[in-house]
Amino acid sequence: MNKRKIGKEQEDRAAAHLESLGYRILEKNFCCRFGEIDLIAEQEDYLVFVEVKYRTDPQISDPASAVNYKKQQRISRTADYYRVRCKIASDRPCRFDVVAETPDEIRVYQNAFPYRGNGW
């Protein structure tokens, strides 16, 4: 199975899990010139930008650890673009979550990292 197909399956699995927790999925695989955001959702009053990471062997590395500073910057810039494009109010609360998946487990890290863009 190729990586793209595995990635889509894991993102679909993460979306279903988030929906079971009360998230409402707005977008999957939002792409622009700044980067990609796996899932964009709403939960209560928050607009949530979600990065999904999957690892077959959690003993080698925690999936969430793959969301390094550079990746956080890219996600933040992409979130900025999304907010402007969709005319999201500047006072709308936003956060960045990470969904860490293994074959046996799904963990959701709310507020996994702070905004790392040019300013909100």
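Nothing in this text is a laboratory measurement; each read-out follows from the coordinates by a stated rule. All values derive from a computational prediction rather than experimental measurement. Backbone-built Cβ (ideal geometry, glycine too); neighbour counts: all protein chains shown.
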Please build a GNM for the chain, connecting alpha carbons under 10 Å apart, and tell me which residue among 89, 79, 14 fluctuates the most.
89
Pseudo-spin-label distance residue 27 to residue 81, built 7 Å along Cα→Cβ, given in nm, is 0.9
Would you please state the base-10 log of I(q)/I(0) at q = 0.13, 0.20 1/Å for the chain, with intensities from the Debye formula using one equal scatterer on every alpha carbon?
-0.48, -1.14
Degrees between helix 69-85 axis and first principal axis of the chain (Cα, 0 to 90, nearest 10):
50
Pop a pseudo-label 7 angstrom from the Cα along the beta-carbon direction at both residue 17 and residue 116 and give the gap in nm to one decimal.
2.2
I'd like the antiparallel share, as a percent to the nearest 5, of DSSP beta bridges with both residues in the chain.
70
Lysine pairs, Cα distance under 22 Å, 8 or more residues apart or cross-chain: how many in the chain?
16
Structure-based [θ]222 nm, the chain - -39500 (n - 2.57) summed over DSSP H runs of at least 4, per residue, nearest 500:
-10000 deg cm²/dmol
With a ≥ b ≥ c the root eigenvalues of the C-alpha gyration tensor of the stretch 12-73, is it rounded (a/c under 1.5), prolate (a/b larger than b/c) or oblate?
oblate
Cα centroids of the stretch 5-45 and the stretch 52-90: how far apart, whole angstrom?
11
